[in-house]
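The values are calculated or read from the model by the stated rules, or taken from the named source; none is laboratory data. Source: prediction; values computed, not measured. Positions of Cβ are backbone-derived with ideal geometry, glycine not excepted, and every protein chain shown enters the neighbour counts. Protein only, heavy atoms only, side chains kept; ligands, DNA and RNA dropped before computing areas. Shrake-Rupley method; radii C 1.70, N 1.55, O 1.52, S 1.80 Å.
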Amino acid sequence: MSGDKIIIFDTTLRDGEQSPGASMNMQEKFRLAQQLVKLNVDVIEAGFPIASKGDFDCVKNIADHIRDVRVAGLCRCNKKDIDVAWDALKNGEDPRIHAFLATSDIHLKYKLKKTREQILELAVASIKHAAKYTSNIEFSAEDATRSDLDFVCKVFEAVIDAGATTVNFPDTTGYAMPDEHAAQIKYLMGKIPNIDKAILSVHCHNDLGLAVANSLAAVKAGARQVECTINGIGERAGNTAMEEFVMAVRTRADLMDVHTKVVTEQIHTASRLVSTITGMFVQPNKAIVGANAFLHESGVHQDGVLKERTTYEIINPSDIGLSKGNIVLGKHSGRHALK
Ligand code: KIV
Ligand code: ZN
């Protein structure tokens, strides 16, 4: 396996559930968490414990019973949220408190009505509070990609000093472009003096259809955790699709020089489970897990694949858990396929 390991932080149960109409009950979330363990993701974000009693119970149930993975719970930067998150998480295996606070001027002015100084103070106080419970603490600078980068550097430096071990740079609105996102990550890596004491993470949204591209660009620039969801579900246009990111890293290891520990043979099962549980069907032409992703309809392609699979397939279907690729007979098919 080449290069550094990329930490896969799966947020299907939290950001994924924020997809309109995708709510899951406790049994469904538990079943999905078990499948995420089979996939061998590194962190499962199980929910936002203070959001509702149901969310609290789901996070607690997963933290209490699921093993061989770190379970994270989301919270805002205030003591009550952090206390409730910890209460839900505390029986987990190395559980993670994930605290977020916006850093962009738009959010500060219109949503939070706070100054930059107040944000900095609140972030540090919150991480210090979380540090009383655990050293596994993630801080997310909400709307980071539209924030003043020097301010994000200042906040990240301060929260790392206060005890954060992962600092996340979310593209909350899906606004970033790949080159720009890579440059932002490079800037943070070069500017934050204590960045070697934390993992730099990215969390991309797909409003411009660029979440996977942005995540890959960020990793090439130095990010070492990627937040993602199965089938790319999530708030609005969704998040980085885990299966696309993981298979891109694996298929283009020659360019990426990093690896993940995901058991890719579990991808197909995980995708089907998410669409069954949420009722969000996967578009047929979706990369990796769409029903057509390994189908060949044209005669020229069928002839090629029947002679040698790699003529038209860059991924072996068995690598994602499909027993075989498929030839489908249609109006463009030829004699070789029919035979
Ligand atoms: O999109 C976002 O900014 C988030 C954070 C809470 C990480 O989901
Ligand atoms: Zn998000």
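Of the accessible area of the chain, with the probe set at 1.4 angstrom, what percent is carbon plus sulfur?
Working: 7830 of 14740 Å².
The C+S portion of the solvent-accessible surface of the chain is 53 percent.
When DSSP beta bridges are restricted to pairs lying wholly in the chain, around 5% turn out antiparallel. On the principal axes of its alpha-carbon atoms, segment 228-339 has extents of 45, 36, 23 Å, going from largest to smallest.
On alpha-carbon atoms, Rg over Rh for segment 249-289 using Kirkwood Rh? Result: Rg/Rh = 1.08. Give me the base-10 log of I(q)/I(0) for the chain at each q in 0.13, 0.15 Å⁻¹, Debye formula, one uniform scatterer per Cα, rounded to two decimals. Summing over Cα pairs of the chain leads to -0.95, -1.23.
Rounded to the nearest whole Hz, the Karplus-based 3J(HN,Hα) values (6.51 cos²θ - 1.76 cosθ + 1.60, θ = phi - 60°) of segment 82-91 follow the sequence 5, 4, 5, 4, 5, 4, 6, 8, 4, 8, with x at glycine and proline.
Residues of segment 207-260: accessible area per residue at 1.4 Å, in Å²?
On the way: 1660 Å² over 54 residues.
Counting only protein heavy atoms, the per-residue value for segment 207-260 is 31 Å².
Any idea what log10 I(q)/I(0) is at q = 0.12, 0.22 Å⁻¹ for segment 119-254, Debye with uniform C-alpha scatterers and no solvent? Listed by q, the Debye log ratios stand at -0.45, -1.28. Under a 5 Å amide H cut-off, with hydrogens placed 1.01 Å from N, Gly234 pairs with Ser19, Asn239 among residues at least 5 apart or on other chains. Other residues whose C-beta falls under 14 angstrom from the C-beta of His332 contribute a net charge of 0, scoring Lys and Arg +1 and Asp and Glu -1.
Rounded to the nearest 10 degrees, the inclination of helix 53-65 to the longest alpha-carbon principal axis of the chain is 70 degrees. Between the amide H of Ser140 and those of Ala99, Phe100, Leu101, Asn168, distances stay under 5 Å, these residues lying 5 or more places away or on another chain, with hydrogens modeled in the peptide plane. Take the Cα radius of gyration of segment 295-338 and divide it by 2.2 N^0.38 Å, N being the number of residues; the result is 1.11.
Rounded to the nearest 500, what is the 222 nm mean residue ellipticity of the chain from helices alone, with -39500 (n - 2.57) per DSSP H run of 4+ residues and division by all residues? All intermediate terms of the calculation are to be shown ahead of the outcome.
Values: 12 runs with 131 residues, N = 339.
It comes out at -11500 deg cm²/dmol, rounded to the nearest 500.
Amide hydrogen proximity for Gly334: with H placed 1.01 Å from N in the peptide plane, the residues at 5 or more positions away or on another chain lying under 5 Å are Gly299. Relative to the longest principal axis of the Cα atoms of the chain, helix 242-251 runs at roughly 60 degrees.
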